[in-house]
Amino acid sequence: MRLRITIGVVAAAGVVALSGASVSAAPATSGATPRRIAYPIEAELGIGLTVKWSFDEGDRNGPCVGQWRHYEGTNEVNGGSVGKMRGGLEINPPARFIVDQKLNIWALGRGRGVAERRLTVTGGTKTVPPGGTNCNEEAYVPPPNDCGTKAYSTKVAQFRPEYRKLPLIGRFRLEDWLTPRLQGNPVLSITLQPMGPLFRACEVRGLEFPTSIGLPLLPRDIRKLRALKAGERYRVAMGEDDGWKGKCAHNEPATGITCTFTLEAHIDIRRVS
């Protein structure tokens, strides 16, 4: 399969969004040249992201002088579009002698989400009194935070085509879905983040909000979108075989830090005319 990317600029509702991609797909019939397809779309998206993490500072079992801390946190965000996102789709026929079809699909609209964060911090300070031999430990009292559940809205919920470099099945990491590439596996890059900060004193690791999360776009999806008729709908969704859960990064330290994720996403696309 040949994959190729082109980048263009599209303006909608007064907001400029980046879009454009090329995705390989075999012609509908042998020896036939697919015609250009272009139509306006309405879309709805939904996404759920959970990141659980922990890390340590200092050595709880080390010498009897110094501090140690243990942090555990969960960041969960669920949300989607509000009303219809509007955009367009275009599939151009392949260039001469190249059997790939160039896809450009995007949509922009309003969205809403709910973010829930939890943070637990434990620790202590170990000292030896002057002239003493016993090890004393004073419990650590963490500063107050504003973790909890907060709803948010955004005017720039969107998706656009990008590429990701994805590993073999079973070795997916969250970073694989977030890092844009110039070539690789085609995805629809989803963003659903608030217009400003929600938390000011709640530590988070991994990913704060759904930003540039890649939803796999398979050759069968391209074929279905090409054949879509006015008024018909098609759903692009992340399945259990698409690396929807696992570790956050490939090169995490062996000890002291953990980070895992769970991800669900779908986009419903309707051809308007």
Whole-Hz Karplus couplings 3J(HN,Hα) for region 258-273, θ = phi - 60° and coefficients 6.51, -1.76, 1.60, Gly and Pro as x, run 10, 7, 10, 9, 9, 9, 9, 7, 8, 9, 9, 10, 10, 6, 7, 8
For region 106-115, Karplus-derived ³J(HN,Hα) couplings (6.51, -1.76, 1.60; θ = phi - 60°; whole Hz; x for glycine and proline) come out as 7, 7, 9, x, 8, x, 8, x, 10, 10
Given backbone amide H placed at 1.01 Å from N, residues whose amide H is under 5 Å from that of residue 246, ignoring those fewer than 5 places away on the same chain, are 261
The answer for residue 166, listing residues at least 5 apart or on another chain whose modeled amide H is closer than 5 Å to its amide H, is 185
Once amide hydrogens are built 1.01 Å from N within the peptide plane, the residues lying 5 or more places from residue 202 or on another chain with amide H under 5 Å from its amide H are 146
Output ordering of 43-52, 81-90, 145-154 (per-residue mean of other Cβ within 10 Å, highest first) is 43-52, 81-90, 145-154
For region 172-189, in residue order, the Karplus 3J(HN,Hα) values (coefficients 6.51, -1.76, 1.60; θ = phi - 60°; whole Hz; Gly and Pro = x) are 5, 10, 4, 4, 5, 7, 10, 9, x, 10, 7, 7, x, 8, x, 9, 9, 8
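Values quoted throughout were computed directly from the atomic coordinates according to the rules given, and no laboratory measurement underlies them. All figures in this text were calculated on a predicted structure; none of them were measured in a lab. A quick note on method: Cβ atoms are made from the backbone with ideal geometry, for glycine too, and the neighbour counts reach across all protein chains shown.
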